[in-house]
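*Asks:* Sharing a structure with you now.
The values are calculated or read from the model by the stated rules, or taken from the named source; none is laboratory data. In this text the structure is predicted, and so the values were computed from the model without any measurement. So basically every Cβ, Gly included, is an ideal-geometry build from the backbone, and we count neighbours across all protein chains shown.
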Amino acid sequence: MSNPIIQIKDVNKWFGDFQVLKNINLEVEKNKKIVVCGPSGSGKSTLIRCINRLEEHQEGQIVVDGNELSENTKNIEQIRAEVGMVFQQFNLFPHLSILDNCTLAPIWVKQMPKKDAEELAMQHLEKVQISDQAFKYPGQLSGGQQQRCAIARALCMEPKIMLFDEPTSALDPEMIKEVLDAMVNLAKAGMTMIVVTHEMGFAKEVADEVIFMDEGMIVERAETKEFFANPKSDRTKLFLSQIL
Amino acid sequence: MKLVNINKDNFNNYYYLGVFLIFLSIFDVFLNSFFLINVTSFLPGFLSFILPLVIGFVGLYFIRVEHSGIKNLDIINKNINTNNFNAILTLLIIFTIIKSLPTFLNWFIIDATIVGDSKEACTGTGACWTYIKIWLRRFVYGMYPNAEQWRINLSFISLTALGLVGFFATEKYKKYLTLYYVVIYPFISFLFIYFFISGGRIFFDFSYGIIAAAVSIILGFLIPNKFKLYYFLIVPITLYILLKYVFFFEEYIELGMIEGLVWVETGAWGGLSLTFIISFFCLIFCFPIGMALALGRRSDFPLIRYICIGFIEFWRGVPLITVLFMSSVMFPMFLPQDVYVDKLVRCIIAISLFEAAYVAEVIRGGLQALPRGQYDAAKSLGMGYWKMHIFVILPQALKLVIPGIANTFLALVKDTPLIFVVGLLEIVGMLNLAKTNPEWLGFAMEGYVFAAIIFWIICYAMSKYSYNLEIKYKTER
């Protein structure tokens, strides 16, 4: 068995008295695409935010690419640089142009020369098809374009893992497709991805495995075909019947 | 109830009548206030008084036609003549302005005196600008000796010129501008003010520095790029040390071969130039301190956080005047006997710390207004605390609080007169001094009007500049 790039063991997390994650166990191997779904408030977002330590877990163990995440982790910035993240609300930096958004982190975190960073950024912007918008500001772009820019920005750090936190939930229906297309291309290129989404079409197309979460627990984890064809738990069946 | 039915078809007749009536009413008030002629004196007192208002009101009523097709008329109707109440307000405002203008103009210009050079020249009922003219030197330079005032002029002109460098910088040098304005420019200003305006023997340190810098820059063009860094690290300092300890031409003063710059102690500085000096340094110092406090107040480390909260709340809780008083009376008590900190320096420190607390709270407001997603995004890209704040958080937060910071800075400039409590007299302090001069009693009004105009010009320039910055950095939409 190959060495998993993300290992999550018995992770528990509380917000005050409320337990958001209960005994989460999850291993993700390299180049696998995992889709996490479930009703809102089930802890999906919290789980993937724990993977790059935007949220801190209180119990258990999370190992990313051989580095354990804990309070003592010194090189948390390095680990984050290897884990790209795309947010529901895009979170582009509104005071910088699209190109600067993409080059900021490579230049200042990876100490890349400005010229190289710009070339790299243009390549990634080309891939998500917004290279013609490179000198505009985020405020001048549509939601779909902004989200694709956010994907390009994360890719510019050349991460090993990409996390997507409901990337299409804040978009108009006609813009969802362009973002999903960009994600499909990325998946086909062989990126390790964990995607929190409600887009079951996307899950069917690219995911290797689907995880269903409810009330902070992983209710079901199965191969994609298996998951949609014959779900085991009743809760999953109910969820699928509502969403499909 | 409509007395006359004015509509689109017949408004032409009423229009001319209306305009005529309005001009009649304004003309009546004009004659009345400027030439003291009461055209309607044959009427009973009250009626004569109220008549222009009635005529003007009827006139405005006549021209009030919706969508008349005449552009200017529509603009007037839309803005100042929408209904009867607004029409009366409009007239009252116009009449008040016309009524008050002559009094103001009489005092300010027509009856004012500017010729002559003594109190006796001011015989009119208007303002005595002679007073300002005679005292202008004192208002601008304070007690700074007349013969040495060229030093202040030269310093201010040079510093203004150096400050304008940013406008002429080409693309190639744009990236160094921040460094220049944040570090180099304040340093040069300090050198100018400390060595040049202050003068004395200490000035020679300054001149050595200038000579060393100039010589090494000129020679620097001959040095290959490869060695430039080492060259500029070593040569200027060496030159400086050589000049200071080997050639030392300080000795020439004692021999009487060169005259040095006269030492002018800070107590003699004053007037507008002191206002500028104090405001300039306080603005420069209070901003970074405030920024650090704002960040510290949001720090994760409880110790830093509580120190910052305590600091901010202390300075916000005490009046500036007591702070200045304490800086001059209490502060020296804590110092060792032989240590002396200059009065002006103490003032600048006190005001800077005081205003820094306000700036900190303004900036904190900006930091809190940023969505959490910005922090998340920056962190997820692998940025640490400082990178995140320098490149992502602060640029956005500071942009948000430009109006608030401008507000604080304006307050700072207008707070500078309070330094009179430690015996430093800037422009308002000099006014108060001049006002009590037995030769020139009774001209306080002119002095305060003069100071008000000066302060207004400074503050308006600052507020305009802040507004320009706001527009310049507006990238959303």
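*Asks:* Any residue at all in the range B:317-337 that's within 14 Å of another protein chain (Cβ to nearest Cβ) and touching a residue at least 24 places away in the same chain (Cβ under 8 Å)?
*Replies:* No, the range B:317-337 contains no residue that is within 14 Å of another protein chain (Cβ to nearest Cβ) and touching a residue at least 24 places away in the same chain (Cβ under 8 Å).
*Asks:* Still on this structure: Test A:Lys110 against the criterion of being surrounded by fewer than 19 Cβ atoms within 10 Å (Cβ to Cβ), closer than 19 Å to A:Met191 by Cβ and in contact with a strand residue (DSSP E or B) (Cβ under 7 Å, 6 or more places away or on another chain), and give yes or no.
*Replies:* no
*Asks:* List pairs: first in the range A:68-83 and within 13 Å of another protein chain (Cβ to nearest Cβ), second surrounded by fewer than 13 Cβ atoms within 10 Å (Cβ to Cβ), Cβ under 8 Å, 6+ apart or cross-chain?
*Replies:* Cβ pairs passing all conditions: A:Glu71/A:Glu56.
*Asks:* Something else about it: Would you say A:Val109 is closer than 18 Å to A:Ser142 by Cβ and out of contact with any His (no Cβ under 8 Å at 6 or more places or on another chain)?
*Replies:* no
*Asks:* Is at least one residue of the range A:154-167 at pLDDT below 90 and either under 30 Å from A:Lys110 (Cα atoms) or not aliphatic (A, V, I, L, M) (or both)?
*Replies:* Checked against the condition, which is being at pLDDT below 90 and either under 30 Å from A:Lys110 (Cα atoms) or not aliphatic (A, V, I, L, M) (or both), the range A:154-167 yields no hits at all.
*Asks:* Among the strands (runs of 3 or more DSSP E) confined wholly to the range A:126-241, which include 1 or more residues that are more than 14 Å from chain B (Cβ to nearest Cβ)?
*Replies:* Strands (runs of 3 or more DSSP E) meeting the threshold: A:192-196, A:209-214, A:217-223.
*Asks:* Scan the range B:265-297 for residues that are outside any helix (DSSP H, G or I) and touching a helix residue (DSSP H, G or I) at 6+ places or on another chain (Cβ under 6 Å) and report the count.
*Replies:* 1
*Asks:* Scan the range B:370-383 and tell me whether some residue there is surrounded by fewer than 16 Cβ atoms within 10 Å (Cβ to Cβ) and of a type in the set (Lys, Arg).
*Replies:* yes
*Asks:* Suppose we keep only residues that are farther than 24 Å from B:Tyr473 by Cα and of a type in the set (D, E, K, R) within the range A:94-122. Which one would you say is nearest to the other protein chains (Cβ to nearest Cβ)?
*Replies:* Among them, the one singled out is A:Lys110.
*Asks:* Find the residue count for the range A:33-63, including only residues that are away from chain B (no Cβ under 13 Å), crowded, with 17+ Cβ neighbours inside 10 Å and not in a helix (DSSP H, G or I).
*Replies:* 10
*Asks:* Would you mind stating whether A:Lys237 is among the charged types (D, E, K, R) and free of Cβ contacts under 8 Å to residues at least 24 places away in the same chain?
*Replies:* yes
*Asks:* What is the residue count in the range A:76-100 for residues that are closer than 21 Å to A:Thr192 by Cα and in a loop (DSSP other than H, G, I, E, B)?
*Replies:* Residues meeting the conditions: 3.
*Asks:* Looking at the range B:333-351, is at least one residue in a loop (DSSP other than H, G, I, E, B) and β-branched (Val, Ile, Thr)?
*Replies:* Scanning the range B:333-351, I find at least one residue that is in a loop (DSSP other than H, G, I, E, B) and β-branched (Val, Ile, Thr), so the answer is yes.
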